Amino acid sequence: MKPRYSFRGFIILLFIGGMIPLLVMVGLVVYRLQQSYLVNESQNRLIDFVQSGVKQYSGDADLTVLAVNLGERLRVLGADMFIQNAAGNPVPPSLGTGPWMDNAAHQSVRNSKTSMMQIIHSGSDARMVYLAAISDPTGKLLGSVEASLPMSEIIDQLAALRRWLILITAIASGLAVLLAIHLSGIITRPLKSLIQSAEKVRQGNLDTRAEIPGVQELGQLAITYNQMLDRISEDMKQQVMQADNMRRFAADASHELRSPLSVFRNSVELLEKASNQNDHTRCAEIQTILHKEADSMTVLVENLLLLARLDQPGEGAANQLHPEIIHPFPLLEEVYERSKILTQGQQLELLWTTADNPPIWADREMLRRALNNLVENAIAHTPVGKKITLSLEVRNDRCCFVISDQGSGIAPDEFPKIFERFYRSDESRNRQVPGTGLGLAIVAAIVRAHKGEIQVESELGKGTCFRLLFSQMDQPAIEP
């Protein structure tokens, strides 16, 4: 279903909907403040002029003197003035067109001896009227005075202010619309980038990543999105690697088991014939062949399963290990004692180390298997009477197992292939050398699972030297 609302449009409406009322409110506040200021200022000036004039009147002279003096003062303001005596009679001279207040108002002020401020009429005819009682210094009531100012000037100033505020509000509202459009574009741009990235991912491109915007929250969203893609990509790569491992395992197994299964099938047919002919000697020979082939197939399948487990992606290989504290030299002694039984006339030698070899954190059985494979490989390719040496070294603060021989060596162009499954360097010789061709591949997988390193040095006709390097206990490569 197509979305009904635009997020950018929502941001624009939200911004404008908040900004324009705010501008109107600010304009109203400014208008009211200015109106209050102008009215209060006019009232205060009118009251000050009247009160100062009344205070200067001593009360001994006729109210006419006060009317003359006060009229001269108020003329400057453009005000009207009118005075009544205590009996309510007008006191000349008056100023302007007053009075603006009726006799009842004057009488009320005289009776209460107070003052009052009032705005009468409205619009352009509005006037500000101040009415106050006149008393002598002893408090004796003498009369009342009325002074008034037209409010046309204030109204004109407020009208001009109102026009300016409307113009400023309109301009500010237009700018707010433009700013809202610009800001909405800035806010939605990273969202569009995320949408485009998600669309590319949907189409199958898992390598695409969203840009990291400067806005903190959107930037964190983009970072989290990219991290999610990294995790998905890594999981898919691991799944692909696992599928490849399974296909390779199936291909290797089918390839390597083809010959022994053929031997099994042929041997079973020969066994049936020999059994039908009661040839017990021939039956015994065929059974011996079947036992050897079964043992060979068992070893082959076990090696293939081990490689499949060690070739798991990520931390899958390390999870197959059961690490413990291992002292290197006693382990090498165990390998040496076992290897003495397997030698076929070669001189097997164990060199005692003089350096301090701290313990390592590794899987004992896996490490023993890797060392045994290297020794068996050396025995298989070293002529009778030649030497095979087992020793320990410390290289770059790492424990180094060294297996060297005086065998046939490895050609330089074969170095990249020696750790591949089922690879054998000399086909004419391989027909005489037993094995599945998985020994060095298993060694490399075990070292890789321990996050170690394997080094090879070889020279044709002079021998080969393998070095297995593992981190010591103060620098563990595998977490317990």
(message) Modelling each spin label as a point 7 Å along the Cα-to-Cβ direction, I'd like the Asn276/Asp356 distance in nm, to one decimal.
(response) 7.6 nm
(request) Sort largest first and round to whole Å: the equivalent ellipsoid semi-axes of segment 317-376, each the square root of five times a Cα gyration tensor eigenvalue. (result) 23, 16, 7
(message) Once R0 is set to 60 Å, what does the formula 1/(1 + (r/R0)^6) return for the Cβ-Cβ distance between Leu141 and Ile187, expressed as a FRET efficiency to the nearest 0.05?
(response) 0.25
(message) Positive end of the dipole of the chain, charges at C-beta (+1 Lys, Arg; -1 Asp, Glu), about the Cα centre: which of Thr169, Val39, Thr208 has its Cα farthest in that direction?
(response) Val39
(message) Under the rule a/c < 1.5 gives rounded, and otherwise a/b versus b/c splits prolate from oblate, where does segment 3-127 land using the Cα gyration tensor?
(response) prolate
(request) Return the carbon/sulfur percentage of the accessible area of segment 55-150, one whole number, probe 1.4 Å, all protein chains in place. (result) 51 percent
(request) Give a residue-ordered list of calculated ³J(HN,Hα) values for segment 66-83 (Karplus: 6.51 cos²θ - 1.76 cosθ + 1.60, θ = phi - 60°; whole Hz; x for Gly, Pro). (result) 4, 5, 5, 5, 5, x, 5, 5, 6, 4, 4, 7, x, 9, 8, 9, 8, 10
(message) Give me the extension gain from Ala411 to Leu342: residue separation times 0.36 nm, minus the current Cα-Cα distance, reported in nm with one decimal.
(response) 22.3 nm
(message) Solvent-accessible area of Met366, probe 1.4 Å, all protein chains present, reported in Å² to the nearest ten, please.
(response) 30 Å²
(request) Restricting things to alpha carbons, tell me how big the chain is in terms of Rg and Dmax, in Å. (result) 54.3, 169
(message) At 1.4 Å probe size, put Ile326, Ile195 in order of accessible surface, largest to smallest.
(response) Ile195, Ile326
(message) Expected output is a single nm value to one decimal: the length gained when fully extending between Ala160 and Gln56, i.e. 0.36 nm times separation in residues minus the C-alpha distance. What is it?
(response) 33.6 nm
(message) At 1.4 Å probe radius, can you tell me the per residue accessible area of the chain in Å²?
(response) 58 Å²
(request) May I ask you to compute the full-extension gain from Asn319 to Met25, defined as 0.36 nm times their residue separation minus their alpha-carbon distance, rounded to one decimal in nm? (result) 99.0 nm
(message) If R₀ is 60 angstrom, what is the calculated FRET efficiency for the pair Leu261 and Gln220, using the beta carbon separation as r and rounding to 0.05?
(response) 0.50
(message) Nearest 10 degrees is fine. How inclined is helix 364-380 to the longest principal axis of the chain, computing both from alpha carbons?
(response) 40 degrees
(request) Please state, as a whole number in µm²/s, the translational diffusion coefficient that the Stokes-Einstein equation yields for segment 87-169 at 37 °C and 0.692 mPa s, with Rh defined as the Kirkwood radius across alpha carbon pairs. (result) 222 µm²/s
(message) Under a crude label model (7 Å from the Cα following the beta-carbon direction), how far is Ser233 from Phe10 in nanometres?
(response) 3.1 nm
(message) Please report the net charge: other residues with Cβ closer than 13 Å to the Cβ of Ser108, K and R +1, D and E -1.
(response) 0
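The values are calculated or read from the model by the stated rules, or taken from the named source; none is laboratory data. A quick note: this is a predicted structure, and the numbers were derived from the prediction, not measured. Using ideal geometry, Cβ is built from the backbone for each residue, glycine included, and neighbour counts are taken over all protein chains shown. For accessibility, only protein heavy atoms count, side chains too; no ligands or nucleic acids. Shrake-Rupley method; radii C 1.70, N 1.55, O 1.52, S 1.80 Å.
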